Every structure is written in structure tokens, then in C-alpha cells.
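Here the structure comes first, spelled out in C-alpha cells, and everything after it is commentary.
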Amino acid sequence: MPNSELINRDLSVLWHPCTQMKDHEWLPLVPIRKGEGVWLQDFDGNRYIDAISSWWVNLFGHANPRINHAIKQQLEELEHVILAGFSHRPVVELSERLVELTPPPLNRCFYSDNGSAAVEVALKMSYHYWRNQGQPGKTRFITLSQSYHGETLGTLGVGDVALYKDTYRPLLMEAITVESPDCFMRESGESWEDHSRRKFGLMEAALERHAEETAAVIVEPLVQCATGMRMYHPVYLELLREACERYGVHLIADEIAVGFGRTGTFFACEQAGITPDFLLLSKGLTGGYLPLAVTMTTDKVYQAFYDDYETLRAFLHSHSYTGNPLACRAALATLDIFRQDGVMKRNQRLARHMGRAVAHLEDHPHVGEVRQTGMIIAMEMVRDKASRTPFPWQERRGLRVYQHALGREALMRPLGNVVYFMPPYVITEAQISHLATVATEGIDLATR
Ligand code: PMP
């Protein structure tokens, strides 16, 4: 079967995510027949390196034999069971492992089945905690500009991506938005650390003004991924942790995108030496295999809900596929690979290679910045380098890079004007070098 056949059938019955479907009148959809390692193969025999880990989920390659094996074994025993009133081995083992991997106060795991749901759980739990503690007035959330926490109504409310949010604004709760410490915006000559410290002044002011009505501050630690891999220094998280404590406000760390080694440490928060009150994980949790998410929190939060049923203090949130056994088994196999393979060490080498491979783009007349945190590297195309003036979004320059890359065996999906790599950890140095060549060609073409 050729690509075209599946494309035609697809376009007559599907509605794709994050897509203006009319684009597919001229932009071919890519139907994938098979995945193996970093490679995706379509029905016409073309192949593509998955440079973006299929929306940042894949860690150890497609069709990873060890994760495949674990899921197949689990399938023979139990595919799914209700998690209310019932339990199963994979979910208990996974929770034990996650508690072991995180700092001691984080010792409770509440599961759901996608990142947005994990965020919703944290928002509800934080508000509900304060309510149970006799502070029902803490109903608001503080968020950073340029943040992304999902696209359900609750998560759009605490996010700040105009493209996804503006249309739905009348339906959303109103968060308190503080300017991001995004270091792309630093003064010339200013260090990431100095810039991040300076920007923290705005957060301090917001907390001082709003602490009484605020349940939690929610942040994406170190990298604001969806708004173009905008990065900041760990000192911001250090200061934030201390301030949240001082003002009696929870800290929610959304590590859905940055967890599991993406930033160079297993969790991004480690680089600041902090422990949030809520840690949210999804995406890489199952190695990119199955939908699963977890909202981790502390015993202190847990105890505020623990009481006789009639007090109505329980947290009654639920999703049908909560803690699915196949997904938990995939997650356990993923954690085993981390434990057995010295992944973080190899990643350091790969990260250095990524940095070297695209370093030349710093001198490109239309690249405003090449920035990197661990295994995430981004190149921001700009119209004017000196003033960092962006290309108008309507020109869709990133899309040209995407189209070029497809013809050069690479799946890159720039975020607006930001070309980036966030590859599966099984990528080789040679494959990274190829991606760098393709990105350079793509940026040349797109900025002409
Ligand atoms: N938080 C962050 C930081 C994310 O990057 C994402 C997904 N890109 C989400 C939340 C939402 O996750 P999901 O798409 O699984 O709902």
C-alpha cells in the first residue's frame, strides 16, 4: 500500500491534533508503517530520524525490544483493572520506584493518563488542600508568561500561549501571570544567572501581593518547551522554592516535558536542589509507549485529605484508565533501562556533540541564539539578529524547515521560528551530525 492510499482514507475520517486541516490540501500527511530505534518509516519506503521524540515522549527508540517484551509479558497477565478499590503489581512497583527516585517529601503517587490531566489533578489538589486546612480563599494560581501546561480548559487557564488560549479565554479561569525569566530576553552581557535572579523580583512582588488568594505557583522547570524551548537558570527555582515556603504557597513543578533526563539531570529540579510540593510526570514516563501520568506529592498534602468519609475531605478525582497496568509495566521497563545502561552518562556525551554540531549556527545572520539545556538544543530564527526581531508568524518559516527535513530523512517540527532537537537517547553522534546538517540547510532555505 502506498502512502497516498492511507492518506486519502485518513483525510476522509480523521481530524488531526494541532493542525489546520486545510493545510493538508498541499502539505502531505506522513503515514508511518513502522518504527525502529530513532527511525520512522512510511509506506513508500522513506525514512525519518525522529528528532523530536514524537512530541517529546520517546526515550529509547521506537519498538524498543526491552519495553516491547515487558508489555507483551504484562499483556498475558492483566491488561487493565479499575484502580479504585483495586490494585495491581505494576502500579505498586512503579510507585515504589518513583518514590525512591524523588526526594523524600515526595512519597505519594496519584495517577492519570495524560499530562494535562496530571496538571488538573495538581491544581485541584492544591486548592483542595488549602480548603481542607481552613483556607478556602486560596483559589488562584501564579504562572509564568510563555508557559504551557496542556490544553484542557483548566490547564489553558494556567498556560500562556496566545495561539492556543485566546479563542477560549471567555471559558478560562484567570491566572496571575508573571513575566518569564526566559534568558533569550536577557540584556547583552548579562549572564543567565543574573537575568534569572533579576526576573525573580517580579515573582517576589506577585507573591507578596497575591499570596493570600494563591494556592500554588506552577512552572516548567528550566525549559519552557512549547513556547520555543525558552530556557532559564536553576537559581530561579531555588529562589522560588524559598519564596513559596515563606509565603505559604505550593510549588507545582511540571516536569512532563523536561523529566527523565531531558535537561541533563534525571529531574530538572535537581539542578536547583529543590523539592516541589507537586511533581508532574508523563511523556517519557512510559518511554513514549503508552499514555500515563502521575502527580506526585508529599505526605503533608496527603494527610490533609485523610479523614473519615463523612467529613468529605477525600480527593474524588478519577479517570477510567488511571494507572493502566500495561503503561505501568512500560514505565518500569523504561526505568530499568535507565538503571542498567548508564544512560545519563552517555547523554552527557551526546549533549556535548549536539552543542558542537550546531555551534556554527551562532554566526548565522538569521539565528538569534543557539541555546541548550542537556539533551534539548534550540536554534531561534530571527529577522534581525542584533535586535532579535522575530520573523512574523504568518510567514511560517519553521514549516519550511519541516518540509526540507522530511526530504532529508528527518522529522523536525519547529515551534514557530524555533528549530530544535529533542531526540530519543538511542540516537548516535553520526545521526546528530546529520540532523545538524539538515537543520542548517533548512534554516538557510527558510531565512532567504
Ligand atoms: N505540561 C507540559 C510542560 C507539556 O509540555 C505538555 C505537553 N506538551 C503538557 C503539560 C500536556 O501534556 P499532554 O499533551 O499529555 O496533555
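Worth a mention:
- Single residue of segment 246-269 satisfying the filter (over 25 Å from I377 (Cβ atoms) and not hydrophobic (A, V, I, L, M, F, W, C)) that is most open to solvent (accessible area, probe 1.4 Å): R246
- Among all positions in segment 382-399, there is no residue which is under 24 Å from the mean Cα position of the chain (by Cα) and hydroxyl-bearing (S, T, Y).
- Residue in segment 110-124 that is more than 18 Å from the chain's Cα centre (by Cα) and within 20 Å of H319 (Cβ to Cβ) present: yes
- Lone unmet requirement of (1) within 16 Å of the ligand (Cβ to nearest atom); (2) among the aromatic types (F, W, Y); (3) over 16 Å from A314 (Cα atoms) for F86: (1)
- Set side by side, the residues A272, A216, A243, A211 differ, and just one is hydrophobic (A, V, I, L, M, F, W, C) and either in contact with a strand residue (DSSP E or B) (Cβ under 8 Å, 6 or more places away or on another chain) or open to solvent by 30 Å² or more (accessible area, probe 1.4 Å) (or both), which is A216.
- Of the criteria (1) at positive phi; (2) surrounded by 18 or more Cβ atoms within 10 Å (Cβ to Cβ), which one G189 fails: (2)
- Hits in segment 113-136 (condition: surrounded by fewer than 20 Cβ atoms within 10 Å (Cβ to Cβ) and within 16 Å of the ligand (Cβ to nearest atom)): D113, N114, K124
- Hey, P181 in the same structural domain as T298 (by TED's automatic domain parsing), closer than 24 Å to F305 by Cα and either modelled with pLDDT under 95 or assigned to a loop (DSSP other than H, G, I, E, B) (or both) or not: no
- A Cβ distance below 9 Å, combined with a sequence gap of six or more or placement on separate chains, defines the contacts here; from segment 139-155, residues that are part of a loop (DSSP other than H, G, I, E, B) reach residues that are near the ligand (Cβ under 7 Å from one of its atoms) and of a type in the set (D, E) in the pairs S147/E220; S147/D254; Y148/E220; Y148/D254; H149/E220; H149/D254; G150/D254.
- Filtering I52, I67 for residues that are within 26 Å of K283 (Cβ to Cβ), surrounded by 18 or more Cβ atoms within 10 Å (Cβ to Cβ) and out of contact with any helix residue (DSSP H, G or I) (no Cβ under 8 Å at 6 or more places or on another chain) leaves a single hit, I52.
- All positions within segment 397-421 that are buried (at least 24 other Cβ atoms within 10 Å of the Cβ) and assigned to a loop (DSSP other than H, G, I, E, B): M412, P414, N417
- Only helices (runs of 4 or more DSSP H) whose full extent lies in segment 276-367 are considered here, and the ones with at least 3 residues that are buried (at least 24 other Cβ atoms within 10 Å of the Cβ), among the aliphatic types (A, V, I, L, M) and assigned by TED's automatic domain parsing to the domain that holds E100 are 325-341.
- Among the strands (runs of 3 or more DSSP E) confined to segment 1-65, the ones with at least 2 residues that are in contact (Cβ under 8 Å) with a residue 60 or more places away in the chain are located at 47-50.
- A single entry from L171, L163 fulfils the requirement of being out of contact with any strand residue (DSSP E or B) (no Cβ under 6 Å at 6 or more places or on another chain), more than 16 Å from the ligand (Cβ to nearest atom) and either open to solvent by 80 Å² or more (accessible area, probe 1.4 Å) or in contact (Cβ under 8 Å) with a residue 60 or more places away in the chain (or both): L171.
- The residue pairs whose first member lies in segment 423-448 and is touching a residue at least 12 places away in the same chain (Cβ under 8 Å), whose second member is of a type in the set (D, E, K, R) and open to solvent by less than 10 Å² (accessible area, probe 1.4 Å), and whose beta carbons are closer than 8 Å, counting only pairs six or more residues apart or on different chains, are P423/D50; P424/D50.
The values are calculated or read from the model by the stated rules, or taken from the named source; none is laboratory data. Note that the structure is predicted; figures quoted are calculated from it, not measured. Neighbour counts run over all protein chains shown; Cβ positions are idealised from the backbone, glycine included. Note: accessible area is taken over every heavy atom of the protein model, side chains too, but ligands, DNA and RNA are not part of it. Shrake-Rupley method; radii C 1.70, N 1.55, O 1.52, S 1.80 Å.
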